[in-house]
Amino acid sequence: MLYSICFTNFGPYHLARLRALAHRLNDRGDQLLAIEVADQEQRYPWNRRSGHEPFEWTTLFSDRALEEIPGDECRRAMTGLLDQRRPDALGIVGYSRPESMAALRWARRQGKTTILMSESQEIDHPRTWWKEAIKRNRVRKFSGALVGGPRHRDYLVKLGMSPRKIALGYNAVDNRAFAQLAEAARRDPSSEQALPKAPYFLAVNRFVPEKNLPFLIRSFARYRSDAPVGQGWDLVLAGGGPGAAEVERAVAESGLADAIHRPGFLQTEDLAPWLAHASAFVHPSLMEPWGLVVNEAAATGLPLIVSDRAGCVETLVPRTTTTTGCRFDPSDEFELTANLAWMASLDEAERRALGDRAAAVVGEWGPERFAQGTLEALELATDSAPIEAVHEPMGARK
């Protein structure tokens, strides 16, 4: 069997997933065709390392950034590649991008199995009936699905997919790599030279409105005003983006510019020391389909303070007595302030216990779980009558 899977651009966590899946497929005599639309993406300027890979790597556009490629070109390029390589089953991200819809149409014409890879949850956006009707029409055309967690599964079920056709495990990072980088940083005294001297909360985000960073800064300022003199933690905001000016205004208004650090966008190796020496991780998003930065923080053993809007929260911050941290309403500054104060009040052993549990939980949801989930989705999708080829009328194909 040849299984194809397409992402817009391969970042480090895509490659970790693809390698794990390719090894599982290769072990059973199958192959993986990994397709990226473009090798550059302005939104996520990743550095990536690649050598000999256990899968076939194909880039549709190697000369332009993703944002510069018109939709009709994406559709034609994807259809042309599939006509040439003719995979037996396809992993397709979402139900809106042009290359995804082109892959779905191709697979329907050929009678091939399709796995929808989705991290959409119902609470991500206000929902309107006509848009949901379009989604339901598209979702029912997939053979099965691979999603992140319970909320994503529930939304697909509401859109009409059978729960018996949905597997979990989509959202994964290379837990082992993050843990090793953080441990190396902890053993290296020089890694602390550019870091705050005080304990600090760490947040890693793009600077855009939905990440809710001014809210975090106001909550942090309230926490600091209540903290005993000389005992307040600092705050680190790693990242960058179009909302940087708004973040800077919020920092200035807080009066805590010396305690709020902005190291900028950091590649994985540069982020590792900040993760290694942080005292807790906070994620304040108003809208977050998953939140892979929370996976990264958990993999390095950090206790978690996570918005209850994040898709990862049900998995990574369970509501149990042995939880990994706490959840909060991202519209309630007082609740987040209380959570920050609670975390800072714990002793080091208590925080370490939370972080150890976070590492154990996320350890069950790494690249190997993505590979297992993909194979589960394929089995669930094909455990029924064969898909009939769909023949479009003449002139329907663009």
Return the total of residues in segment 124-171 being of a type outside the set (Ser, Thr, Tyr) and out of contact with any Asp or Glu (no Cβ under 9 Å at 6 or more places or on another chain). 24
Cβ pairs under 9 Å, 6+ apart, first in segment 186-208 and buried (at least 17 other Cβ atoms within 10 Å of the Cβ), second assigned to a strand (DSSP E or B) and among the aromatic types (Phe, Trp, Tyr): 201/281; 202/281; 203/281; 204/281
Grab the helices (runs of 4 or more DSSP H) fully contained in segment 199-287, keeping just those with 1 or more residues being over 30 Å from residue 188 (Cβ atoms). 213-226, 244-254
Under 8 Å by Cβ, and 6 or more places apart or on different chains, what pairs join a residue from segment 370-391 that is outside the structural domain of residue 150 (by TED's automatic domain parsing) and at pLDDT below 95 with one that is surrounded by fewer than 18 Cβ atoms within 10 Å (Cβ to Cβ) and assigned to a helix (DSSP H, G or I)? 389/109; 389/110; 390/109; 391/109
Residues that are surrounded by 15 or more Cβ atoms within 10 Å (Cβ to Cβ), in contact (Cβ under 8 Å) with a residue 60 or more places away in the chain and under 22 Å from residue 319 (Cβ atoms), drawn from segment 126-169: 148, 149, 151, 152, 168, 169
Could you go through segment 114-122 and let me know if any residue there is touching a Ser or Thr at 6+ places or on another chain (Cβ under 8 Å) and either surrounded by 19 or more Cβ atoms within 10 Å (Cβ to Cβ) or not acidic (Asp, Glu) (or both). yes
So, in segment 288-332, exactly how many residues are buried (at least 18 other Cβ atoms within 10 Å of the Cβ) and farther than 22 Å from residue 359 by Cβ? 3
Failed criterion for residue 42 (all others in (1) under 18 Å from the mean Cα position of the chain (by Cα); (2) in a strand (DSSP E or B) hold): (2)
Specify which of the listed residues (97, 85) is more than 27 Å from residue 365 (Cβ to Cβ) and either in contact with a helix residue (DSSP H, G or I) (Cβ under 8 Å, 6 or more places away or on another chain) or assigned by TED's automatic domain parsing to the domain that holds residue 118 (or both). 85
Could you check how many residues of segment 329-353 are within 22 Å of residue 215 (Cβ to Cβ) and either without any contact (Cβ under 8 Å) to a residue 24 or more places away in the chain or assigned to a helix (DSSP H, G or I) (or both)? 15
Quick check on segment 272-287: of everything there that is within 14 Å of residue 206 (Cβ to Cβ) and out of contact with any Phe, Trp or Tyr (no Cβ under 9 Å at 6 or more places or on another chain), which residue is surrounded by the fewest Cβ atoms within 10 Å (Cβ to Cβ)? 287
Condition (residue is farther than 30 Å from residue 271 by Cβ and of a type outside the set (A, V, I, L, M)) applied to segment 14-24: is it met by at least one residue? no
Looking at segment 262-304 only, could you name the residues that are among the polar types (S, T, N, Q) and either over 15 Å from the mean Cα position of the chain (by Cα) or modelled with pLDDT under 95 (or both)? 267, 268, 279, 300
Just the residues that are touching a residue at least 24 places away in the same chain (Cβ under 8 Å) and either in a strand (DSSP E or B) or closer than 18 Å to residue 340 by Cα (or both), please, taken from segment 295-309. 297, 298, 301, 302, 303, 304, 305, 306, 307, 309
Expected output for segment 170-184 (first residue closer than 11 Å to residue 296 by Cα and aromatic (Phe, Trp, Tyr), partner modelled with pLDDT of 95 or more and in a loop (DSSP other than H, G, I, E, B), Cβ below 7 Å, 6+ apart or cross-chain) is 178/300
Run down 46, 57 and say which single residue is of a type in the set (Phe, Trp, Tyr), at pLDDT below 95 and surrounded by fewer than 20 Cβ atoms within 10 Å (Cβ to Cβ). 46
Read through the list (1) exposed (fewer than 13 other Cβ atoms within 10 Å of the Cβ); (2) closer than 16 Å to residue 341 by Cβ, then give the number of the only condition that residue 257 fails. (2)
Only one residue in 27, 39 is free of Cβ contacts under 8 Å to residues at least 12 places away in the same chain, surrounded by fewer than 18 Cβ atoms within 10 Å (Cβ to Cβ) and not hydrophobic (A, V, I, L, M, F, W, C), so which one is that? 27
List pairs: first in segment 81-104 and part of a strand (DSSP E or B), second surrounded by fewer than 18 Cβ atoms within 10 Å (Cβ to Cβ), Cβ under 9 Å, 6+ apart or cross-chain? 89/1; 89/2; 89/382
Filter result (under 20 Å from residue 113 (Cβ atoms) and either among the hydrophobic types (A, V, I, L, M, F, W, C) or more than 17 Å from the chain's Cα centre (by Cα) (or both)) within segment 1-19: 1, 2, 3, 4, 5, 6, 7, 18
Identify all residues within segment 316-349 that are of a type outside the set (A, V, I, L, M, F, W, C) and closer than 19 Å to residue 220 by Cβ; write none if there are none. 325, 327, 329, 330, 331, 332, 333, 335, 337, 339, 345
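The values are calculated or read from the model by the stated rules, or taken from the named source; none is laboratory data. Computed from a predicted structure; not experimentally measured. Cβ atoms come from the backbone with ideal geometry, glycine included; neighbour counts cover every protein chain shown.
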